[in-house]
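Participant: Pasting a structure here, questions to come.
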Amino acid sequence: MIDLYYWPTPNGHKITMFLEEAGLAYRIVPVDISSGDQFKPQFLAFSPNNRMPAIIDSAPANGGDSIPVFESGAILVYLAEKAARLLPQDVRGRRAVLEWLFWQVGGLGPMAGQNHHFNRYAPEKIPYAIERYVNETNRLYGVMDRRLATQAYLAGDDYSIADIAAYPWIVPWQLQAQDLAQFPALKRWFDGIAARPATLRAYARAEEFRSTPVVTEESRKILFGQTARSTR
């Protein structure tokens, strides 16, 4: 059994998508990020960056004590190795998947996240910041589109954790001020993943929880106002 500490954000969706795709048994433990659940001591004990998702695997492949894992990219690699699914075993295939997985966690996620922040949550509209992150998101969409013009999936012919990592960050393309019609190969890939039964099941789980953060002054401080001192 996998305990998934989750809230319905792009990074949370990555893990439910994988778990549904692989058919692993899991239980969701909600972490309401707008009310500060991510700062509770019991959560910080295994997720020290005060971010979800995180997992606790109570039945590791080699037995022994439960294994906690934090950071969505690390969780996807861990689960893929546990299930022997969606991460090739050969050197070249594994290399390609990890390249695109790290591309997502180091580029698409952070840039689209800043796009969301300055467009939707910032208390004041800062034109330079909005233009900067909308343009960078657009550039990254272009990177994906060029790749997918010659490949069925990001890492080649087969669906992988690289695709699972990237897909939830494309779902809110309209909120990112993008036009998916301008990226035909990306749109083909996006529509195909959206129609997968596991994707539909994963996003159905999100309906069990409030998916839109309640952004009050208090929740804004919780979500965006933390420093090293305040998270001690």
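Participant: Could you pull out every whole DSSP H run in the chain that spans at least 24 Å of Cα extent along its own axis and averages -1.0 or higher on the Kyte-Doolittle scale? Show your work: numbers first, answer last.
Facilitator: Working: long enough: 127-148 (31 Å, -0.81).
Answer set is 127-148.
Participant: Okay, moving on. Based on the Cα atoms of the chain, what semi-axes does the equivalent ellipsoid have, where each is the square root of 5 times one gyration tensor eigenvalue, given in whole Å with the largest first?
Facilitator: 26, 26, 15
Participant: Where does each of 158-165, 34-41, 126-133, 137-144 land if you order them by average Cβ count within 10 Å, highest first?
Facilitator: 158-165, 137-144, 34-41, 126-133
Participant: Based on the Cα atoms of the stretch 46-85, what semi-axes does the equivalent ellipsoid have, where each is the square root of 5 times one gyration tensor eigenvalue, given in whole Å with the largest first?
Facilitator: 18, 13, 5
Participant: Based on the alpha carbons, how large is the Rg to Rh ratio for the stretch 7-124 when Rh follows Kirkwood?
Facilitator: Reported Rg/Rh (Cα atoms, Kirkwood Rh): 0.99.
Participant: From the P(r) of the stretch 91-195, could you give the percentage of C-alpha pairs in the tail past 16 Å?
Facilitator: 55
Participant: Still on this structure, I have one more. How big is the antiparallel share of DSSP beta bridges in the chain, given as a percent to the nearest 5?
Facilitator: Values: 9 of 14 bridges.
Antiparallel bridges: around 65 percent, rounded to the nearest 5.
No lab work stands behind these numbers, since they all come straight from the coordinates. The structure displayed is predicted, hence computed values, not measured ones. For neighbour counting, all protein chains shown are included, and Cβ atoms are generated from backbone atoms with ideal geometry for every residue, glycine included.
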